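**Student:** Here it is, the structure, as structure tokens.
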Amino acid sequence: MTSDEHARLMRVNQANWDARTPVHLASRFYGLDEDLDPERWFAAFEWEDLGELTGRDVLHLQCHLGTETVAFARRGARAVGLDFSEASVAAAREIAAEAGVDVEYVPANVYDAVDALGGRQFDVVYTGKGALCYLPDLARWADVIGQLLRPGGLLYVVEFHPLLNSLGPKPAPGEGPELLLRHDYLGGGGPVRRDATRTYTDGPAVEGATESFEWMHGIGEVLGALTEAGLSVRRLRESDELPWPRWPQMRHTPSGWWRLPEPRIPLLYGLLATR
């Protein structure tokens, strides 16, 4: 697939996330109707790996509504969020203002982040859950990360495990709760096209741009892209918990998150790398 085709599909995704934004603002999923508690989206191991953030420059790529970006600011970071959806960025600015925190938000495609941020560099670059699947070219992404980080800076990726993204329920209704391998674990087979009026939240139906495209990226592809770009991988964690119950058979855990019944499988991973 050519770079022009990648760009076209990313514009389709951008329109889809613009359309999702009012849906997500109207949902209860992000807790915007309560006292904002963005730390509920972080596993305890994320804060262990990130360390002290006070006074550090932190960039949150593909930030959507910026709830996690708010958490960085509350921990003393000089926080910047970047997202290609201008609707999301506008909403994120309002959410941060209502929360009383100082966060800068920039509308830009992640591949254009270096120019959009004026060549600034950061102590920490963070990318959160459900972001990498919207990027067709991880080698290009890793090159951008290398330019955004100061020497010695940290990249922290917390992503849905590719095994999770490969699983799906049985295609026919009423056939039981079992999950099947429905999609490739490894990338390279082209994007998965989706067309849905409902998102992962409890919000209303999406109106307008319902089509989107996702790319599968195995952990080996992520590691390879980062090392080829000159970053050193320091730690890789796998977790069997998610911050919300993706499937009905998931069970609440003492951490407040959710896991599938046994046998345990990885649903999330955290990757720490340095420049």
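**Student:** Condition first: surrounded by 18 or more Cβ atoms within 10 Å (Cβ to Cβ) and either outside any loop (DSSP other than H, G, I, E, B) or at pLDDT 90 or above (or both). Now tell me which residues in segment 200-217 satisfy that.
**Tutor:** Of everything in segment 200-217, those that are surrounded by 18 or more Cβ atoms within 10 Å (Cβ to Cβ) and either outside any loop (DSSP other than H, G, I, E, B) or at pLDDT 90 or above (or both) turn out to be Ser212, Phe213, Glu214, Trp215, Met216, His217.
**Student:** Return the pairs, sorted by first residue and then second, in which the second residue is in a loop (DSSP other than H, G, I, E, B) and surrounded by fewer than 13 Cβ atoms within 10 Å (Cβ to Cβ), the first residue lies in segment 199-220 and is touching a residue at least 12 places away in the same chain (Cβ under 8 Å), the beta carbons are less than 7 Å apart, and the residues are 6+ apart or on different chains.
**Tutor:** Within 7 Å, the pairs are Asp202/Arg28; Ala205/Thr197; Ala205/Arg198; Val206/Thr197; Thr210/Ala196; Thr210/Thr197.
**Student:** Which residues, counting only those in segment 76-89, are in contact with a helix residue (DSSP H, G or I) (Cβ under 8 Å, 6 or more places away or on another chain) and surrounded by fewer than 18 Cβ atoms within 10 Å (Cβ to Cβ)?
**Tutor:** Across segment 76-89, the qualifying residue is only Glu86.
**Student:** Mind checking which residues of segment 95-126 are of a type in the set (Asp, Glu) and surrounded by fewer than 15 Cβ atoms within 10 Å (Cβ to Cβ)?
**Tutor:** Correct list: Glu98, Asp102, Asp112, Asp115.
**Student:** Given Val58, Val70, which one is surrounded by 14 or more Cβ atoms within 10 Å (Cβ to Cβ) and closer than 26 Å to Val233 by Cβ?
**Tutor:** The conditions single out Val58.
**Student:** Is there any pair linking a residue in segment 86-104 that is assigned to a helix (DSSP H, G or I) to one that is loosely packed, with under 14 Cβ neighbours inside 10 Å, with Cβ under 8 Å and at least six apart or on different chains, and which?
**Tutor:** The qualifying pairs are Ala96/Asp102.
**Student:** Just checking, how many residues over segment 20-75 are among the basic types (Lys, Arg), closer than 28 Å to Arg198 by Cβ and in a loop (DSSP other than H, G, I, E, B)?
**Tutor:** 1
The values are calculated or read from the model by the stated rules, or taken from the named source; none is laboratory data. Just so we're clear, the structure is a prediction, and the values are computed from it rather than from any experiment. Please note: Cβ atoms are built from the backbone with ideal geometry, for glycine as well, and neighbour counts cover all protein chains shown.
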